[in-house]
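Reviewing the structure listed below.
Every read-out reported here was derived from the displayed coordinates using simple, explicitly stated rules and does not represent laboratory data. Please read all numbers here as calculations on a predicted model, not as lab measurements. Note that each Cβ is placed from the backbone with ideal geometry, even for glycine, and that neighbours are counted across all protein chains shown.
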Amino acid sequence: MEYLLVVPVPFYRAPDGRIACESAFAEHLRLSRPMFAPRFDRMRVAAPRMSDAHYEANKHHLGHLSEDEDLIYLTELHPVETGRFAFALFVWLPTFFKIIGAVKGAGLVHAGLSFDILKPFEIFSLFAGWLMRRKTIFVIDIDNRKSVDMQRATGAISYRSYLIAKYLYNPLRALQIRWAVRCCSLLMLKSQSLVDDFGGGRSHVKNFYDVAFSPEYMIPSERLESKITDFERGEAPLHLTYFGRLVPYKGIDYCIRAVHQAHERGAEAVHLHILGAGEQEAELKALASELGAEDYITFYGAVPFGPVFFDQLYDYHLLMAAPISQDTPRSAFDAMAAGIPLLAFDTDYYKDLTHTGACTVVPWRSVGGLADKILHYYRNRPELSAQMRAGVTFAKDNSQELWLERRIAWTNALFEKEA
């Protein structure tokens, strides 16, 4: 039986026949596919097609899968760069026909909310699955209900766009969730508030964490203790990091300004390590240069997800996260697995993680708040060391494998009810 996964993440069919996507997601698929056996002996991904230019620019740090060896197959949908109105006018029909064909061959359809109302291919796949009496799994990995207010506050959208999004698009997104609660077999919502607001106590509506790290990537205990010992001597620099895409909504410019401010206020041995690539890279490098911070802010480019990536993370002391809209990155869990606590803006996701003992939040968009905490931990190192240990403890109970086992149990239960 085939497991169909419909995602907005772009995929690419490489010249050698392999399929390519973001490296952490590729590793997640490679790990998860065999775990669904024997009920599902293969997986199919239906996804937008990555552009040739993007693949060529990023192929060295993308993950690659073999359809024959990994038993993960690709159905290419529309080009990812297709505009919203072009999709709504011309592209929806061939895309929907491809989805219908994929659903016919599947035993289960797994997809998420169509955040872009004019490109609703994800929710359509679930609707098609429901009509064909397939088991369906509906997923939300970001609670975006407050994002439009945040975007308006930052000036990212006009007042007209704000009104359309808040009073037209948001209700249509909520309608998708309400339909899914009534019609889909299982809902996995990455937010307890979503579960509370839409689940109504129904047992098939679950809260979940979407994580990417495996137990072998956990920082070895001796390396954690060595890092803490060196850090608490007070001589070592405070090594901060950001890793992920370099795009505006991640707020990396806030991180750079906060580190610069902390450095100017006395945290002389502080260093920010930025791992990742994206459209904002040149702008961020220019900002670091403009602030005269090039000596203590380093850009490494993209580092593929895996053991080399984690080995680099093990040396860092604090992850910075300053999103200017709602965000639920897997980097938070990767960091805790590497013995790195979090310093973040107080968006819902990071506020939810404060219970781990490894996450500190400051008021949203407060550069001064970030700088204050950097200075505090620079001068009160044992406090940060305790958070390093707390993060590792939490990560041990929340690896990718453990969450996959829970997801597999929930999925198998859907079929066992019919037996």
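For this structure, a couple of remarks:
- Global form of the chain, assessed from the alpha-carbon gyration tensor, a/c cut-off 1.5: prolate
- Among the listed pairs 135/190; 119/417; 119/146; 98/146, those beyond 24 Å (Cα-Cα): 119/417; 98/146
- For the stretch 216-274 versus the stretch 357-419, the inter-centroid distance based on Cα atoms is 17 Å.
- In a reduced charge model with +1 at each Lys and Arg Cβ and -1 at each Asp and Glu Cβ, the stretch 215-396 shows a dipole moment near 360 debye about its Cα centre.
- Rounded, prolate or oblate (a/c below 1.5 giving rounded, otherwise prolate when a/b exceeds b/c) for the stretch 19-132 by Cα gyration tensor: oblate
- Ranking 162, 254, 317 by Cα position along the charge dipole of the chain, where only Lys, Arg, Asp and Glu carry charges on their C-beta atoms, puts 162 farthest toward the positive end.
- Look at where the Cα atoms of the stretch 1-43 and of the stretch 287-345 average out, and the two centres are 27 Å apart.
- Charging the Cβ of each Asp and Glu at -1 and of each Lys and Arg at +1, and nothing else, the dipole of the chain about its Cα centre rounds to 1840 debye.
- Spherically averaged projected area in nm², based on the convex hull that wraps the Cα atoms of the stretch 215-396: 9.0 nm²
- Taking 16 Å as the straight-line reach from the Cα of residue 166, the aspartates and glutamates in range (excluding those fewer than 8 positions away in the same chain) are 116, 143, 149.
- Straight-line cross-link reach from residue 227 at under 29 Å between alpha-carbon atoms covers these lysines, not counting any fewer than eight positions away in the same chain: 250, 285, 351, 373, 396.
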